[in-house]
Each structure stands twice: as structure tokens, then as C-alpha cells.
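Peer 1: Quick one: this structure, given as C-alpha cells, is what I'll be asking you about.
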Amino acid sequence: MQKVGLLLGRSARAWRSVRMASSGVARRDPLANKVALVTASTDGIGFAIARRLAQDGAHVVVSSRKQQNVDRAVAALQGEGLSVSGTICHVGKAEDRERLVATILDINVKAAALMTKVVVPEMEKRGGGSVVIVASIAAFNPFPFWMDKAKEESMKETLRIRRIGTPEECAGIVSFMCSEDASYITGETVVVGGGTPSRL
């Protein structure tokens, strides 16, 4: 019995070390020396993504249409000791896109494509990079925002999920997609939806 217990103990330790390595705990700063431009990143999912990328070692440029939102987000993240700067950027405006790179149809699709067009030459100069475009699940299955607990429960029933996700649950996958661990992943759609039925 003692021998079995010892064997199980070793297996548990080995499994723990595998889990830690795969979750990045064993590695520090997987995004060190990278710069991340995160649009619409002063609250919600965008803010959580900006925080996670900075926590993983990237210098993050946050942006929003309003200066006060940019200032608030930058102050919050810098207050956590993270390497962050910010600028005003309305991704639908050419001059704002250019400024963001220098220091989605029109908004959700065209703007993302035009932003990528501006960013790619800069990534080529640096020897590579990643473009991760984040869209709401509503892009697949449009639904209204819930305003109270009853609507939230109805939404969960409709989507066949147990709970509503958090912005932080999106941030980790974006950080992974930007890391070297995802260097052989190209042109994929990853749904972070808690099992919500969705398709392109």
C-alpha cells in the first residue's frame, strides 16, 4: 500500500509539472520583446486581453475613441507594473489607424482588414508577429444584450450554456495565439464560448 501511495505521489507530481509547463507557469514572459496593439481595449474583453498580453511580457498599446478611456486604462495597467502605452484610435478612420501603428462590414470586417494591412509591414520589419481578430459570438448568432438576471438566465438557456463567460477567459487564448507556442497555427477560428453552438 505504501509503495502504491508513493507511485501515485510521483505520478501526481509529474502530472502537476506537465500542467504547469503547458499553462505557462514554468515559463516567464512568453511574449517578451513583442509589441501588441489592442484596439477597443479600455474595458471589457479588450482590456482583459491587453492586461494578459502585458502580464505575459509584451509591451501593449491600448486604444479607444476617447482620450479619457485611454488614460484610465493606461493608468490602471501601469499601476500594476505593466509595460503599457495608449493612444486614441477610431479604427474606422484612416488617420487614426496610421497613428496607432506609428506611436470591424466597415467597422467589424473592413476596418480589421485595413488595420492588418497597415500592421503587416511593421511586423515584417521586426521579423514576424501575430494578428488576432476578436469578434463577439453574436457575429455568428446575433442576440440582444441581457439587462437583468432573468434575461441572463433566458440567454443561458437559449445558448445551452451554464454561465456567461468573463473577459479574462478570452484573454488567455489571445495571449497563446500571440506566443511562439502558436507559431504553426494560421488562419484558424477559435471559439471561446463555453460550448455555445456556433459556426462560420
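Peer 1: Hey, can you rank 166-179, 53-66 by average C-beta count inside 10 Å, highest first?
Peer 2: Top of the packing list down: 53-66, 166-179.
Peer 1: Enumerate the whole-percent occupancy of each 10 Å bin, from 0 to the last occupied one, for all C-alpha pair distances of segment 29-182.
Peer 2: Calculated over all Cα pairs of segment 29-182, the distribution is 11, 36, 35, 16, 3, 0 percent.
Peer 1: Hand me the tally of lysine pairs in segment 29-182: alpha carbons under 17 angstrom apart, and the pair either on different chains or 8 or more positions apart.
Peer 2: Close lysine pairs under the 17 Å cut-off: 5.
Peer 1: Run the numbers for S154 and A113: contour at 0.36 nm per residue of separation, minus the present Cα-Cα distance, in nm.
Peer 2: The S154-A113 span can extend by a further 11.3 nm.
Peer 1: So for each of 32-38, 67-73 I average, over its residues, the number of other beta carbons within 10 Å; can you give me the resulting order with the highest mean first?
Peer 2: 32-38, 67-73
FYI, it's all coordinate maths here, none of it is from the lab. Everything numeric in this text was worked out from a predicted model, so none of it was measured. With ideal geometry, Cβ positions are generated from the backbone for all residues, glycine too; neighbour counts draw on all protein chains shown.
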